[in-house]
Structure formats: C-alpha cells, structure tokens
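Worksheet: one structure, shown below.
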Amino acid sequence: MKVQTTGAAMLIAAILAGCATPYSEAPLATNFPTTKQEKVQAAAHWNVIAKDVAKQISLRHADKRPLHVAQPAGKSAFERAFSNQLVSSLVENGHPVMKQPAGTLSVEVDTQVVGFSPNRPQYRHAGTATALMTGVWALHVGEATAGAALYATVAAADAYTWFRSEFATGETPQTEIIITTSVTDGNQYLSRNTSVYYVADTDKALYQAGLPASNIKVRGGE
C-alpha cells in the first residue's frame with residue numbers, strides 16, 4: 001500500500017509539473033518578501049529621521065570634519081524643518097557645523113514625493129493576533145467565577161490592542177517619500193543614505209515645495 005501511495009504521489013507531481021508553462025510572453029508578477037515601512041505622521045517623526053541620518057553620518061565620518069547643511073530655495077515645509085533638525089542632531093553628535101560652505105563637506109538633502117494607486121492591499125499578521133487573544137482567554141477561562149471570565153475578556157482585548165498598535169491604521173497610503181542625504185567634497189560623493197517612508201495622504205502638501213505655509217494644514221493619522 002505504501003509503495004502504491006508513493007507511486008501515485010509521484011505521478012500527480014509529474015502531471016502537475018507537465019501542466020506548468022515553461023515559457024511566457026512576460027515575467028510573472030510575484031510579491032517581494034514581507035517588509036515593514038514606517039508611516040510618518042508627526043513633526044516628531046521627522047526629528048527621529050534626522051537623528052538617524054546624523055547617526056549614519058557620524059559613523060561614516062568619524063574624523064569630524066566641518067560640515068555645511070545646504071539650504072536650497074523653494075523647500076517644502078518638511079525640508080525646512082528637516083534641515084534644521086539635521087543641523088541640531090549633527091551638533092549634538094559633536095560635528096562642527098558651519099553657516100558658510102567654505103572649507104566644509106557639504107550635506108545635501110534631496111526629497112522626492114511619489115504617489116501610487118489607491119486601495120493597495122494592507123496585509124498584517126494573519127492569525128497571530130487571534131492566537132494571542134485565544135492564549136490569554138485560555139489562561140483564565142478555566143476558573144469557575146464569572147468575574148474571572150470577564151477579566152479574561154478584558155485581558156484579551158488589551159492584548160489585541162497592544163499587538164495591533166505596531167501597525168498604522170487605515171489603508172496602505174498612496175503617498176511615499178524618498179529621502180536621500182549625501183555628504184560631498186566638491187564633485188566627489190563621500191557617503192549617501194536613502195530611506196523611504198509612508199506619508200499620510202492628507203499631509204501630502206507638507207512635502208511639496210512652493211506651497212505657502214498658510215495653505216498647509218497638519219492633519220495626519222489617516
């Protein structure tokens with residue numbers, strides 16, 4: 001019987017392999033391995049990014065040569081705030097930061113806002129949160145009193161809320177921001193760092209250059 005079962009399995013596998021198309025007119029669309037990407041929703045988050053960028057610069061430029069953070073005209077609200085936060089973070093890390101570029105390494109920040117199609121799927125941990133709730137409930141449900149059962153319900157809800165707090169609410173944002181920071185010496189790139197973040201779609205104007213500050217409303221959290 002075991003020989004027959006093994007033979008049948010091999011036959012089915014061979015049939016399925018034969019059904020696979022060895023050639024196609026275009027590459028098949030597949031997903032990347034799951035990753036996580038932060039969603040920027042407050043000016044405090046900008047400061048966190050600035051501190052991380054300053055840390056990366058410190059690691060790559062331990063000689064503490066004088067730096068100058070370029071201040072291009074026509075910046076967005078984000079770029080204005082971020083460049084100042086970056087200066088503060090570099091100074092905190094012990095770097096001499098100069099107001100004038102003469103005799104310094106130039107620190108340049110380039111920001112690109114990109115928009116994708118709406119209603120992109122937002123897959124989170126399937127089943128893990130349910131298992132966590134079940135585990136908390138099972139821990140207490142065996143006790144005889146009704147009060148214990150009520151406590152278990154509250155504990156399960158708290159655990160579920162705590163677990164889900166890692167993930168941003170709502171759908172996958174359409175708007176993302178690419179932040180590239182470069183340290184240059186004349187025409188030579190000495191170091192370069194690029195990061196990508198989600199942005200609340202209602203805050204998109206904060207990242208677009210040329211908009212008067214009076215027309216910008218900070219909403220976030222969507």
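FYI, it's all coordinate maths here, none of it is from the lab. Just so it is clear, the structure is predicted and the values come from calculations on it, not from any experiment. Cβ coordinates were reconstructed from backbone atoms using ideal geometry, including for glycine residues, and neighbour counts include every protein chain displayed.
Table for the structure above
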read-out	value
Neighbour-count order for Glu108, Glu79, Glu92, fewest beta carbons within 10 angstrom listed first	Glu92, Glu108, Glu79
Taking all pairs of distinct alpha-carbon atoms in the stretch 37-76, Kirkwood radius in angstrom	12.3 Å
For Ser191, distant residues with modelled amide H under 5 Å away	Val183
Cα point-scatterer Debye curve for the stretch 68-123, base-10 log of I(q)/I(0) at q = 0.15, 0.25, 0.30 Å⁻¹	-0.55, -1.05, -1.29
